[in-house]
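First comes the structure, then the notes that go with it.
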Amino acid sequence: MSTSISLKDRLGIESDGESGTDRLRVLTPLELEWKQRIYDRLLEVADLTILGSLEKRKARTQIREIVQRLFTEQGAPLALPQRQLLARRIEDEILGLGPLEPLLSDPTISDILVNGAKSVYVERRGKLEQTPITFHDNSHLMNIIDRIVSAVGRRVDESTPMVDARLADGSRVHAIIPPLAIDGPILSIRRFAVDRLGIADLLRLGTLTEAVAKVLRAVVLGRLNVVISGGTGAGKTTMLNVLSGFIPSTERIVTIEDSAELQLQQPHVVRLETRPPNIEGKGEVPQRELVRNSLRMRPDRIVVGEVRGAEALDMLQAMNTGHDGSLTTVHANTPRDALGRIETMVSMTGISFPIRALRAQIASAVNIVIQVQRGEDGRRRIVSVQEISGMEGDIVTMSELFTFRRSGIDADGNIDGRLEATGVVPAFHQRVTMRGIDLPVSAFALPGGKQR
């Protein structure tokens, strides 16, 4: 039996339910002509304001009925499956985001990348692949971008050629248009994960091992401050979600994000989100202001989705003033780079600190740095867990507890390797055991069962 997988199956896109026609199929010139003709006629005969007020399923049903009637009235030389396919695409144009709708309905896609009207890529399981999806032209793509940003009170034009927005499902959107984008409008959509991954999922995927899972559970329950470091798309937010699952349900948690992605399950969660400036350039509420205000809200823990600017100073101060067990992420390629990034971000406050004093504050505030990475095989994994152990002169000292030892590439192109303990027993071990948290020393043993 053949094991080949079609593009339709790989994309996970449903076919048109009535005709079996692939929703991703490129339309013929005749189909394009009739799609535009019926679409224009629909705008003349239907009251779209009424359709827009209906429940989505009912609105789609009404549009489909009107479109099929127009096909009959116009005598379109198209077979029934063709008419059904065009009706579906017209529905997407009116009620959704046009050609992007099939991709947005696919839960296995993590990113949608539109590089102009004729080039659309998706990321699936960490790897990019091109789709047959296209827009009519750049004007068509601009209409879709306008629809996205106007829904959240933003605008994009020559005076404001870059914009961040969010879809109704929480997916993050970034658009950049000419003249900054030379080859046409660029649209990037980071999908919002509907299904929340847990520690069991990460074990199954090979992101971490059982020993590391035990240590991370103890780290969170023991109220250590954790920074998750990694590059774009490395799985930082996923790891943050998983770690937050270990926080006891009795605690009050304040989350602060640029775009709400965290999916905490505890009953006492206060969610804060930054606000961009409005069309007049006013009303912005940055992360730093939210971090400051969160300190007045009696949090047991503060979870910042990502520190990327001056709020790093406020986060450090929170970690150093009784808000133990706080969690955050930062863009960096190594744990050491993560500390350097925090130094740089603190300097963005405009306050001048002696370098030793700043590093001492970082060493005092941050207990654990977890490095996540997306490999060339597309898999996301923890590659290092390090404890900040103090200062030596002007240098923050770190002890690596777990490291990913890579042995090569297998026949399928996957990275061979294993996340292993280094044999170092961390200084926090006594702290967590004194809290009654079960964390055997054997979790830190070398593969041969020894500790350093």
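The values are calculated or read from the model by the stated rules, or taken from the named source; none is laboratory data. For clarity, every value in this text was computed on a predicted model and none was experimentally measured. Note that we place each Cβ from the backbone using ideal geometry, even for glycine, and neighbour counts take in every protein chain shown. When the accessible area is computed, the model is the full protein with side chains, heavy atoms only, and any ligands, DNA or RNA have been set aside. Shrake-Rupley method; radii C 1.70, N 1.55, O 1.52, S 1.80 Å.
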- prompt: What is the set of long-range amide H partners of Glu306 at a cut-off below 5 Å, with H atoms built 1.01 Å from backbone N?
  reply: Asp258, Thr329
query: Computed from the mean reciprocal separation of all distinct C-alpha pairs, what Kirkwood hydrodynamic radius does region 294-403 have, in Å?
result: 14.7 Å
query: If you average 1/r over all unlike Cα pairs in region 102-225 and invert the result, what Kirkwood radius do you get in angstrom?
result: 16.7 Å
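Taking the Cβ of Leu180 as the centre, find all other residues whose Cβ is under 14 Å away and add up their charges (Lys, Arg: +1; Asp, Glu: -1).
Numbers: positive: none; negative: Asp157, Glu158, Asp183.
With Lys, Arg at +1 and Asp, Glu at -1, the net is -3.
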field: Coarse-grained scattering of region 33-118 at q = 0.13 Å⁻¹, given as base-10 log I(q)/I(0) from a Debye sum over alpha-carbon atoms
entry: -0.47
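Would region 155-311 count as rounded, prolate or oblate if I go by the C-alpha gyration tensor, calling it rounded below 1.5 in a/c and otherwise prolate when a/b exceeds b/c, oblate otherwise?
Working: a/c = 2.58, a/b = 1.54, b/c = 1.67.
Since a/c reaches 1.5 but b/c is at least a/b, the shape of region 155-311 is classed as oblate.
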- prompt: If the convex hull of the alpha-carbon atoms of region 38-186 is projected onto planes in all directions, what is the mean projected area in square nanometres?
  reply: 10.1 nm²
- prompt: Ser171's amide H: which non-local residues (gap 5+, or another chain) put their own amide H closer than 5 Å, with H modeled 1.01 Å from N in plane and none for Pro or chain starts?
  reply: Phe192
statement: Residue-ordered couplings for region 408-416, obtained by feeding phi - 60° into the Karplus form 6.51 cos²θ - 1.76 cosθ + 1.60 and rounding to whole Hz (Gly and Pro as x), are x, 10, 7, 5, 8, x, 8, 6, 8
statement: Pseudo-spin-label distance Glu392 to Arg435, built 7 Å along Cα→Cβ, given in nm, is 2.8 nm
- prompt: Using the Kirkwood radius built from alpha carbon pairs, what does the Stokes-Einstein equation give as D for the chain at 25 °C and 0.890 mPa s, in µm² per second?
  reply: 99 µm²/s
message: If I stretch the segment between Asn333 and Asn293 completely, what's the gain in nm (0.36 nm per residue apart, minus their alpha carbon distance), one decimal?
response: 11.4 nm
message: Given axes a ≥ b ≥ c from the Cα gyration tensor, I'd like to know whether region 155-232 is rounded (a/c under 1.5), prolate (a/b larger than b/c) or oblate.
response: prolate
For region 124-134, 3J(HN,Hα) per residue [Karplus equation, 6.51 cos²θ - 1.76 cosθ + 1.60, θ = phi - 60°, Hz, x = Gly/Pro]: 9, 6, x, 10, 8, 8, 7, 10, x, 5, 9
Local net charge near Val372, Cβ-Cβ under 9 Å (Lys/Arg +1, Asp/Glu -1): +4
Long-range HN-HN contacts of Glu273 with modeled amide H, under 5 Å: Glu257
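Need one word for region 82-129: rounded, prolate or oblate. Basis is the Cα gyration tensor (sqrt eigenvalues a ≥ b ≥ c); a/c below 1.5 gives rounded, then a/b vs b/c decides. Write out the running numbers ahead of the final one.
Working: a/c = 2.45, a/b = 1.85, b/c = 1.33.
Because a/c hits 1.5 or more and a/b exceeds b/c, region 82-129 counts as prolate.
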- request: Could you tally the net charge around Ile247, taking each other residue with its Cβ under 9 Å from the Cβ of Ile247, Lys/Arg +1 and Asp/Glu -1?
  value: -1
message: Output wanted: per-residue J couplings in Hz (rounded whole) for region 175-180, from phi through Karplus 6.51 cos²θ - 1.76 cosθ + 1.60, θ = phi - 60°, x for Gly and Pro.
response: 10, 9, 10, x, x, 6
- prompt: Expressed as a whole percent, how much of the Cα-Cα distance distribution for region 102-168 exceeds 14 Å?
  reply: 65 percent
- request: Keeping the other protein chains in place, figure out the carbon and sulfur percent of the accessible area of region 103-148, with a 1.4 Å probe.
  value: 51 percent
